[in-house]
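Asks: Next up is a structure, given as structure tokens.
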Amino acid sequence: MIALGMQPGLMANHTIVINNDLSYQLQLIKQRFGQHLFLLRVSATTTLGTLTVERIQFTNFAAAHDAFEARCHQLTQH
């Protein structure tokens, strides 16, 4: 029910730079419609371009936020 008061769109964005050739961008997005209202998208940017490497949908904000934080922590450890 907490999702009812949230506006659709980008909720959190974090960029992790690994080196000059590789960076990751994590986005937590609230979608307007659908059963899975929250989306975690992880994109990798290299010298060859940008590629979405992970896209996970969630039904509640708590699980989506926990996954966002865990993925940020995991990528900063490398």
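The values are calculated or read from the model by the stated rules, or taken from the named source; none is laboratory data. As the structure is a prediction and not an experimental result, all values here were calculated from the model. Note: ideal-geometry Cβ built from the backbone for every residue, glycine included; neighbour counts use all protein chains shown. Surface accessibility is based on the protein's heavy atoms, side chains included, excluding ligands, DNA and RNA. Shrake-Rupley method; radii C 1.70, N 1.55, O 1.52, S 1.80 Å.
Asks: Would you pick out the residues in segment 63-75 that are hydrophobic (A, V, I, L, M, F, W, C) and either surrounded by 12 or more Cβ atoms within 10 Å (Cβ to Cβ) or in a strand (DSSP E or B) (or both)? Step through it out loud before you land on a result.
Replies: Quick first cut of segment 63-75, residues hydrophobic (A, V, I, L, M, F, W, C) only: 63-64, 67-68, 70, 72, 75.
Residues satisfying the conditions are Ala63, Ala64, Ala67, Phe68, Cys72, Leu75.
Asks: I would also like to ask the following. Quick one: is Phe33 of a type in the set (A, V, I, L, M, F, W, C) and in contact with a Leu (Cβ under 8 Å, 6 or more places away or on another chain)? Show your work before the answer.
Replies: Working: of a type in the set (A, V, I, L, M, F, W, C): yes; in contact with a Leu (Cβ under 8 Å, 6 or more places away or on another chain): no.
For Phe33, the condition - of a type in the set (A, V, I, L, M, F, W, C) and in contact with a Leu (Cβ under 8 Å, 6 or more places away or on another chain) - is not met.
Asks: Still on this structure, please answer the following. Would you pick out the residues in segment 18-47 that are under 8 Å from the mean Cα position of the chain (by Cα) and of a type in the set (A, V, I, L, M)?
Replies: Leu26, Leu28, Ile29, Leu39, Leu40, Val42
Asks: Okay, next question. I'd like to verify a number: residues in segment 21-42 that are within 17 Å of Gly9 (Cβ to Cβ), touching a Ser or Thr at 6+ places or on another chain (Cβ under 7 Å) and assigned to a strand (DSSP E or B), how many?
Replies: 2
Asks: Within segment 26-39, can one find any residue that is of a type in the set (S, T, N, Q), in contact with a strand residue (DSSP E or B) (Cβ under 6 Å, 6 or more places away or on another chain) and open to solvent by 80 Å² or more (accessible area, probe 1.4 Å)?
Replies: No, every residue in segment 26-39 fails to be of a type in the set (S, T, N, Q), in contact with a strand residue (DSSP E or B) (Cβ under 6 Å, 6 or more places away or on another chain) and open to solvent by 80 Å² or more (accessible area, probe 1.4 Å).
Asks: Of the residues Ile16, Ile29, which is in contact (Cβ under 8 Å) with a residue 40 or more places away in the chain and β-branched (Val, Ile, Thr)?
Replies: Details: Ile29 fails: in contact (Cβ under 8 Å) with a residue 40 or more places away in the chain.
After ruling out the rest, the residue left standing is Ile16.
Asks: One residue is enough: does segment 41-56 have a residue meeting the conditions over 16 Å from Val17 (Cα atoms), polar (S, T, N, Q) and surrounded by fewer than 16 Cβ atoms within 10 Å (Cβ to Cβ)?
Replies: no
Asks: For segment 1-19, indicate whether the set of residues that are assigned to a strand (DSSP E or B), of a type in the set (Gly, Ala, Ser) and at pLDDT 95 or above is non-empty.
Replies: No; the residues of segment 1-19 include none that is assigned to a strand (DSSP E or B), of a type in the set (Gly, Ala, Ser) and at pLDDT 95 or above.
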